[in-house]
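Okay, so here's the structure we're looking at.
The numbers here are math on the coordinates, done by the rules we state, and not lab data. The structure presented is a predicted model; accordingly, all values stated were derived computationally and were not measured. Note: ideal-geometry Cβ built from the backbone for every residue, glycine included; neighbour counts use all protein chains shown.
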Amino acid sequence: MTATQAQVHPFDARADALLATLRHGGQYKHLQTLEGPMDAEVTVRGYGRCLCFCSNNYLGLANHPEVIEAGVRALRDYGAGTASVRFICGTFGPHETLEAAIADLVGAEAAYTFVSCWNANEAVFPTLCEPGDTIISDELNHASIIDAVRLASVIKKGVNKTVYKHNDLSALRHQLETTASQNAVNASHAAPGAGRPVTWVVTDGVFSMEGDIADLPAMRRLCDEYGAVLVVDDSHGTGVMGHTGRGTHEHQHMFAPHGKPGPHGRVDVFTGTLGKALGGAAGGYVAGPRRVIELLVQRGRPTLFSNALPVTVACSAAKAIEVLVREPQRVARLRDNTAYARRRIREAGFTVVESPTAICPIIVHDTAKAIAMSKRLLELGVFVIGFGYPVVPEGHARLRVQISAAHSHDQIDRLVDALRKL
Ligand SMILES: *Cc1c(COP(=O)(O)O)cnc(C)c1O
């Protein structure tokens, strides 16, 4: 905006005031720039070579030669893209190959890709929910779920939303119970032949700030009891959790091929990202029953009005999945590295949250302290990010250490040495 007649435009004044508040409050983010590929070691502009412990490159596939080659080849074979949305002329063969690979990986009937998991979540709820439905969501769910649920309730008036205390099954039961009674009241004065409302329960598989996991078998039992649909965003679990890296549901004995239930039941609908363990470029997906995918193709606004995942990414992500399935030792190595890192960090006297995931939050309480520690670590050649208020509640600031199969024990030792110097 431009100032006219020496008057500051109201937007300029407001924006400058907000930015000043962030700067003074120590909440202003300074983005680091990498001068080479993501890997166990990266080159950070202004800091040189650093050990990277803040990426979601859990399996070390972001810079894998086969993953790179698959992307390069796709660019040569297909060009940059279709310059079209998918329902017009926007799907290449590799999109279909990737979607079949994703469905097989998580054990669903079908899958559909999006340019991000953010988009995938924004496709799921506004498309699948109808007025009268209720969405019940964990309070620590990812921002993309929160916004997707809000969007559903705005796009379709009469979609209800409620939040339960993090990982608290009795709170979830209470919400299911309340929803069931409300539905019974509504049904008593509904028009004859009116459709019955659907209850949706949505959770992260692995929670990104705590590094803890949802109790999916228990949630499945509750969903069965109340006839609810279970939706799991496993962005931090895919490639990480479970014996062969299929996700948090595999870790909890809920994996079976083609949408069948595992020993502890099944997840109805998965969402996830290709921007973490599965190559790390970008992209997201929904995997689930064929009718869910069909509805998303027919009615999802992010699919009808936005282009497909770039074909280079479709090919590099499909290759990443191929490597994951072919080399389960990567998942085993990640598990081993994570256990090793947790033990060493604890031995160094820090409080690290216990869990089976590759996210190791070191609790330091104070936001300014977390930010100062991460700055000092970078000077010591270790790239770890500090998170404070408002990303996590006041007093719960932390350094979030993320482990990768690409790390060596020696590199983890160097992380711990740097932590000791703080
Ligand atoms: C990272 C993350 C996302 C966002 O994924 P994008 O593909 O980058 O949009 C969504 N949900 C969860 C749970 C995540 O951890």
Over region 264-401, what portion of Cα pair distances is larger than 27 Å, expressed as a whole percent? 44
Candidate cut points under GluC sites (Glu not before Pro) in region 333-422, DSSP loop plus at most 13 other Cβ atoms within 10 Å of their own Cβ, are E354, E394
If one compares the long axis through the Cα atoms of helix 216-226 with the longest principal axis of the Cα atoms of the chain, the angle in degrees, nearest 10, works out at 20
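State the extension gain, in nm to one decimal, for the chain segment bounded by E139 and V8, taking 0.36 nm per residue of separation less the distance between their alpha-carbons.
43.2 nm
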In whole Å, largest first, the alpha carbons of region 200-346 cover along the principal axes 50, 44, 28
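Kirkwood hydrodynamic radius (Cα pairs, Å) of region 1-88?
Values: mean 1/r = 0.0555 Å⁻¹.
About 18.0 Å for region 1-88.
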As a footprinting exposure proxy, order H251, H24 by other Cβ within 10 Å, with the fewest listed first. H24, H251
List the extent of the Cα atoms of the chain along each of their three principal axes, largest first, rounded to whole Å. 70, 59, 51
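Hand me the tally of lysine pairs in the chain: alpha carbons under 21 angstrom apart, and the pair either on different chains or 8 or more positions apart. Write out the running numbers ahead of the final one.
Values: K29/K369; K29/K375; K276/K319; K369/K421; K375/K421.
For the chain, the number of qualifying lysine pairs is 5.
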Give the order of H409, H264, H189 when sorted by the count of other beta carbons within 10 angstrom, beginning with the fewest. H189, H409, H264
Expressed as an acute angle from 0 to 90° and rounded to the nearest 10, what is the orientation of the C-alpha long axis of helix 143-155 relative to the principal long axis of the chain? 30
Which one of E122, E41, E294 has the biggest mean-square fluctuation once the chain is modelled by GNM with Cα springs under 10 Å? E294
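Divide the volume of the convex hull of the Cα atoms of region 314-373 by its number of residues and quote the answer in cubic angstrom per residue. Intermediate values should be presented prior to the final figure.
Working: hull volume 6.9 nm³, N = 60.
Each residue corresponds to 116 Å³ of Cα convex hull volume.
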Would you work out which of I155, C223, F207 lies farthest towards the positive end of the dipole of region 149-253, given +1 charges on the beta-carbon of Lys and Arg and -1 on that of Asp and Glu, about the Cα centre? I155
Tell me which of L274, H24, A184 sits at the most positive position along the dipole axis of the chain, charges placed on C-beta atoms (Lys, Arg +1; Asp, Glu -1). H24
Please list, ordered by chain and number, the residues whose modelled amide H lies under 5 Å from the amide H of D233; skip anything fewer than 5 residues away on the same chain. T203, D204, G205, T271
